[in-house]
1. Given the conditions (1) surrounded by 19 or more Cβ atoms within 10 Å (Cβ to Cβ); (2) under 22 Å from Glu46 (Cβ atoms); (3) at pLDDT below 95, report the number of the one that Tyr319 does not fulfil.
2. Going by the structure shown, is Tyr192 open to solvent by 10 Å² or more (accessible area, probe 1.4 Å), among the aromatic types (Phe, Trp, Tyr) and assigned to a helix (DSSP H, G or I)?
3. Is it the case that Thr259 is assigned to a loop (DSSP other than H, G, I, E, B), open to solvent by less than 20 Å² (accessible area, probe 1.4 Å) and of a type outside the set (A, V, I, L, M)?
4. Within segment 165-178, identify whether any single residue is of a type in the set (A, V, I, L, M), surrounded by fewer than 22 Cβ atoms within 10 Å (Cβ to Cβ) and in a strand (DSSP E or B), and answer yes or no.
5. Looking at the structure I just gave you, is Lys208 assigned to a strand (DSSP E or B), over 30 Å from Arg382 (Cα atoms) and over 24 Å from the mean Cα position of the chain (by Cα)?
6. Could you list all residues from segment 101-132 that are modelled with pLDDT of 75 or more and open to solvent by 90 Å² or more (accessible area, probe 1.4 Å)?
7. Are there any pairs, at least 6 apart or on different chains, whose C-beta atoms fall under 8 Å, with the first in segment 343-362 and over 14 Å from Leu37 (Cβ atoms) and touching a residue at least 40 places away in the same chain (Cβ under 8 Å) and the second outside any strand (DSSP E or B) and acidic (Asp, Glu), and if so, which?
8. Got at least one residue in segment 365-379 being modelled with pLDDT under 95 and either β-branched (Val, Ile, Thr) or part of a helix (DSSP H, G or I) (or both)?
Amino acid sequence: MASGSVVPIQPPTYGNLITILSIDGGGIRGIIPGTILAFLEKQLQELDGPAARIADYFDIIAGTSTGGLVTAMLTAPDERKRPLFAAKEIVPFYLENCPKIFPQPRGPFPSLVKICRALVGPKYSGKNLHHIVRQNLGNKKLKETLTNVVIPTFDIKLLEPVVFSTYEVKNDVSKDVLLSDICIGTSAAPTYLPAHFFETKDSNGNIKSYNLADGGVAANNPALLAIGDITTEIFSGNPDFFPIKPTDYGRFLVISLGTGSSRRQKKYSAKAAAKWGTIDWLYNRGGTPLVDIFTQASADMVDLHISVVFQALHSEKNYLRIQDDQLTGNVASVDVATQENLNKLVEVGENLLKKPVSRVNLETGLFEPVTNEGTNEEALIRFAKLLSDERNLRLQRSPNSPHYNKPK
C-alpha cells in the first residue's frame, strides 16, 4: 500500500483468506487490546506505509461492550473516508476518558459508597459515556463503516440478543442506527451503567424501539458471531465470497483479543457462594460475581468452540487468541479508573506481547504456552505479513482496484 493510499479492502473472492478481528468486552480493560492493536497496526505500516490502518485488512471486525467502542473507533469514517482513529490513539483515548466515564468515589469509605450506589441504581450515571461517544462518533451510522462490523447487544424488553451487523443492514434498515447508540447500548453493563433506549424506523416508516443492555450478556467474545455472519453470507450466495464454501474454515484467519481475566486466581468458591444472598451476587470482593461469571463463561465457550474447530482442521496457526488469564487486584476490575490502575493495564498489554503464544487446554480450560510458536509479538508480526500479502493480492486481482493486473 503506497503512502496516502485510501483503497478500501477488496472482497475475499479476489484473495485466499477471510480475515476476522474480534475484541472482547471488559470496561477499562479495553486498554489491553488497544495496546496490542497499536503494535499490529505499526507492523502493517512498516510493510505497507504510514497510511495503513486496521480497517484496511479485515473483512469483518467484531466487538462487544468496550470492544464494540474500539470497533467503531477503528472503522467509523472521517471526512476523508479514513478511520476516525488510528490504533495508536486508542490507549490515549482510554487514559483520558475512563476516569470521566467511571469516576471514583472519594472519602474515607469508598467501598461503602460503591455498595450503596449498587443498591439504588447503576454505579455510574452514563452521562459522560454518552457525551464522549456522541462527541467522537457524531452522526455516523452503521452502514458507513469502512469495513464490515458486528456488535452484539441485548434487548431486555424482548429478552433476546440484538446483533448490529453491516451485513444485516442490507435487509433490515431499522438496524442502520447511529454507531453512538450501538456503542452506548453494548456498553450498558448491568449494575455498572444504565440500559439504553432509542428508536428508529423500518423501511415502512414504522417505529422500532430498542431497550439495550451490555453486549456481554449475549456474547462477551464475539468471534463466533463474526464467523457466523460470514458463513451466512456464503450460504446466501454473496458474490464477495465466491467460490468459497461454508465449510472452508481453513481459509479463515482470525485474531481474537481478550481483555484479561482473573480465572487462575480462583476468586469464588462454592462453599462461600452457597451462603450468598442477592447483594453478595451483585457485589463481592470489589467485583460483581454474577456479571463476572456470565461474561467469563461466554468468552470461554466461544474460544473453546473455535479452538476445537481449528485444531480439528489442523489450522491452529490461522487462529490467534491473545488473552491474559492471570490478572489480580484492581487490574482485573472493569471500572477502577484511577490513573495508576490505567497505567498498570498498559503494562499488562505490553507484557502480554512478550508472553508466549498460548492456546486453551480443551480439558482444563486454562491457557497454556504453545511450543515453537514464539511470543504473541512474533505471532502478530507473522499475521501482519499474512494480512499484508492478502490485501495486496486482492488489490492485484480486483478490477475495482487501481492496482489491478489485468490477465493477458
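The values are calculated or read from the model by the stated rules, or taken from the named source; none is laboratory data. All of these numbers come straight from a predicted model, not from anything done at the bench. So basically every Cβ, Gly included, is an ideal-geometry build from the backbone, and we count neighbours across all protein chains shown. We work out accessible area using only protein heavy atoms, side chains counted, and drop any ligands, DNA or RNA first. Shrake-Rupley method; radii C 1.70, N 1.55, O 1.52, S 1.80 Å.
1. Result: Tyr319 passes all but (2).
2. So Tyr192 does not fit the description; no.
3. Values: assigned to a loop (DSSP other than H, G, I, E, B): yes; open to solvent by less than 20 Å² (accessible area, probe 1.4 Å): yes; of a type outside the set (A, V, I, L, M): yes.
It is true that Thr259 is assigned to a loop (DSSP other than H, G, I, E, B), open to solvent by less than 20 Å² (accessible area, probe 1.4 Å) and of a type outside the set (A, V, I, L, M).
4. First, the residues of segment 165-178 that are of a type in the set (A, V, I, L, M): 169, 173, 177-178.
So of that shortlist, the ones also surrounded by fewer than 22 Cβ atoms within 10 Å (Cβ to Cβ) come out as 169, 173, 177-178.
Narrowing the set further to residues that are in a strand (DSSP E or B) leaves 178.
Yes, that holds for at least one residue.
5. Working: assigned to a strand (DSSP E or B): yes; over 30 Å from Arg382 (Cα atoms): yes; over 24 Å from the mean Cα position of the chain (by Cα): yes.
Taking the combined requirement at face value, the residue satisfies it.
6. Lys127, His131
7. If the second residue must be outside any strand (DSSP E or B) and acidic (Asp, Glu), the pairs left are Val348/Asp324; Arg359/Glu316; Val360/Asp300; Val360/Asp303.
8. yes
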